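No value in this document is a laboratory result; all are computed from the given coordinates. Just so we're clear, the structure is a prediction, and the values are computed from it rather than from any experiment. All Cβ positions, even for glycine, are placed from backbone atoms using ideal geometry, and neighbour counts span all protein chains on display.
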Amino acid sequence: MLTRRRFLLRSATAAALTALPASRLAAQSTAARPPRILLRGSWQSVNIGDIGHTPGALRLIERHFPESEVILWPGTLGHGSREFLLKAFPRLRIAEGASGSDGKPVLGPDGRPTSKALTEAWAEADIMIHGSGSGFGARAHLAAWHRATGKPFGVFGVSTDPISGFGDGRDPEGGTLQSIRQRIEQLPRTHLDAETRWIIDHASFMFTRETLSRDYLRLQGVTTPILEFGPDAQFGMHLRDDPRGDAYRKSQRLEEGKFICVIPRLRYTPYYQIRNEARMASDHVKDAINARTTEQDHAKLRAMIVAYVRQTGNRVMACAEMTYQVPMAKEVLVDPLPADVKKNVVWRDTYWLPDEAASIYSKAQAVISVECHSPIIALANGTPAFYVRQPTDTCKGQMYRDIGVDNWFFEVDETNGDQLWSRLEAIHRDPAGARTYVANAMKRVHRLQKRMVDALRESIA
């Protein structure tokens, strides 16, 4: 039997717990288990950059917040990306059925998940973070999460470009990063829509993956307590499939340090073809722009390839970052080359995962890409890389200037093949110096990305 003194003590303790705010009770209930993070990411699998965002974020969290657990709320995990993630991160839990692929909406009319797995994830996670990507695409999911649960959320390296893109009054021809900055500075303070402003204002932290997005939001007067530059999570990806990559290199006679990789890109990605969807009116406009610009863009890359092969005797691999670029690499980079050059050029005729790409890029002398994420993969593995930006791409290319590799950033309409070869020749003459240049940039990236995870940890605490 309880003594009267013990009974009174227990009663007082129970009353005190009942009087605690729900947030205090939640904190006490989670004290005995690891902090849980709900990561919204894996937007699509037809692009190794979008695949690579997720393992990059997982690695950063694993490295700087090892006691936490992550639940992934994915978009699409095709092309072997699900198996790729689970092999590398066996503790990872995936909220299945969350992409709407079963025909049901992701969230119901009440703003809550429609799948059991995601419902459980919302109940268990302590914070939700939006993974790296263009356009801040899942911001409505952050708002729904916060309104339904009252729990915090943050943003892990996105671009919020209000100028580049298509539709909503934007110029379909695009512009340079300098012109984007000038136009951003002229926008009225009321340009940001009210719902997006509410979401950012309520975020515990907002890291943009380049400074143009950060500066735009600062000019718009958002009030999130942390608004900073935080590099694309792809920089954090450490995965490499060297057995597969080395086997491919050897089969194609790509000797370490004696070949370059070149990646093409259309100014507008033909998503209607990739997804086997009906062609919309906007697709006709985009296709016309692609038809008018594809040759002029890639003639510059071919001129660089010709100079590189003839001057060095080294080899070239033409490869893809997105699925549609597999045949494109052959059509616009390889087939038009003169015969004496073409014999030194390898066409990668299959799509791949980012770990195999990382393995091959790591052994290349340089990576030259019109796509944005292959250079990130290369730099993260110590390899010099050029990003040749098209005016229709978003402001995300500013990240290359922000991390300190300005010498390897090019606006495609403001450069030519001779300029590309001149910069590439400098790398060929001094490969050690070029890799030191990479290492210095990556020191900055690592410091900034640790700051991102520190903000995440503090938001849970």
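Of note:
- Under the Debye formula (equal points on every Cα, no solvent term), log10 I(q)/I(0) of the range 237-351 at q = 0.10, 0.11, 0.24 Å⁻¹: -0.36, -0.43, -1.34
- Antiparallel bridge percentage (DSSP; both residues within the chain; nearest 5): 5 percent
- Considering only 122, 179, 337, the residue lying farthest towards the positive end of the dipole of the chain is 122, judged by Cα position with unit charges set on Cβ.
- All Cα pairs of the range 292-348, percent lying beyond 13 Å: 57 percent
- Inter-part distance, the range 271-291 to the range 335-360, computed on C-alpha centroids, equals 26 Å.
- Part-to-part distance (alpha-carbon centres) for the range 216-264 and the range 405-461, which is given in Å: 10 Å
- Taking all pairs of distinct alpha-carbon atoms in the range 242-444, Kirkwood radius in angstrom: 17.1 Å
- Ranked by how many other beta carbons lie within 10 Å on average, peptides 178-188, 308-318, 421-431 from highest: 308-318, 421-431, 178-188
- Residues residue 350 and residue 273, FRET efficiency given R0 of 22 Å [Cβ-Cβ distance, rounded to 0.05]: 0.75
- Extension gain from residue 255 to residue 335, taking 0.36 nm per residue of separation minus the Cα-Cα distance: 26.5 nm
- Extension gain (nm, one decimal) between residue 198 and residue 291, 0.36 nm per residue minus Cα-Cα: 29.5 nm
- The range 81-192 shape via C-alpha gyration tensor axes, a/c threshold 1.5: prolate
- Residue 164 long-range amide H proximity, modeled H, under 5 Å: 395
- Counting only Cα atoms, the size of the chain along its three principal axes is 97, 49, 42 Å, in decreasing order.
- For the range 242-444, the number of Lys pairs with C-alpha atoms closer than 29 Å, counting only pairs eight or more positions apart or on separate chains, is 29.
- Shape class of the range 132-251 from the alpha-carbon gyration tensor: oblate, with a/c at 1.5 or above and b/c at least as large as a/b.
- The overall shape of the range 403-461, judged from the alpha-carbon gyration tensor, is oblate: a/c is not under 1.5, and a/b is no greater than b/c.
- Close amide H partners of residue 153, meaning residues 5 or more places away or on another chain with modelled amide H under 5 Å apart, are 128, 204.
- Extending 7 Å from the Cα toward the beta-carbon at both residue 447 and residue 32 defines two label points whose distance is 4.3 nm.
- Karplus-derived 3J(HN,Hα) values for the range 214-229, using 6.51 cos²θ - 1.76 cosθ + 1.60 with θ = phi - 60°, are 4, 5, 4, 5, 5, 5, 7, x, 5, 10, 4, x, 10, 10, 9, 6 Hz; glycine and proline are entered as x.
- Most positive-pole-ward Cα, 273, 192, 202, against dipole of the range 183-310 from beta carbon charges: 273
- In order through the range 272-280: 3J(HN,Hα) via Karplus (6.51 cos²θ - 1.76 cosθ + 1.60), integer Hz, x for Gly, Pro: 5, 6, 4, 9, 6, 10, 5, 7, 8
- Here the range 250-289 has an Rg and Dmax of 17.1, 47 Å, counting Cα atoms alone.
- Residue order, fewest to most surrounding Cβ atoms within 10 angstrom, among 73, 408: 408, 73
- When each of the peptides 201-208, 165-172 is scored by the mean number of other C-beta atoms lying within 10 Å of its residues, the order from highest to lowest reads 201-208, 165-172.
- Taking amide H as placed 1.01 Å from N in the peptide plane, the amide H of residue 93 sits under 5 Å from that of 70, 72, each at least 5 places away or on another chain.
- For the range 405-413, the Karplus equation 6.51 cos²θ - 1.76 cosθ + 1.60, evaluated at θ = phi - 60°, returns couplings of 10, 3, 5, 10, 10, 9, 8, 4, 7 Hz by residue, with Gly and Pro reported as x.
- Counted residue by residue at 0.36 nm each, then reduced by the alpha carbon distance between them, the extension gain from residue 140 to residue 173 reaches 9.1 nm.
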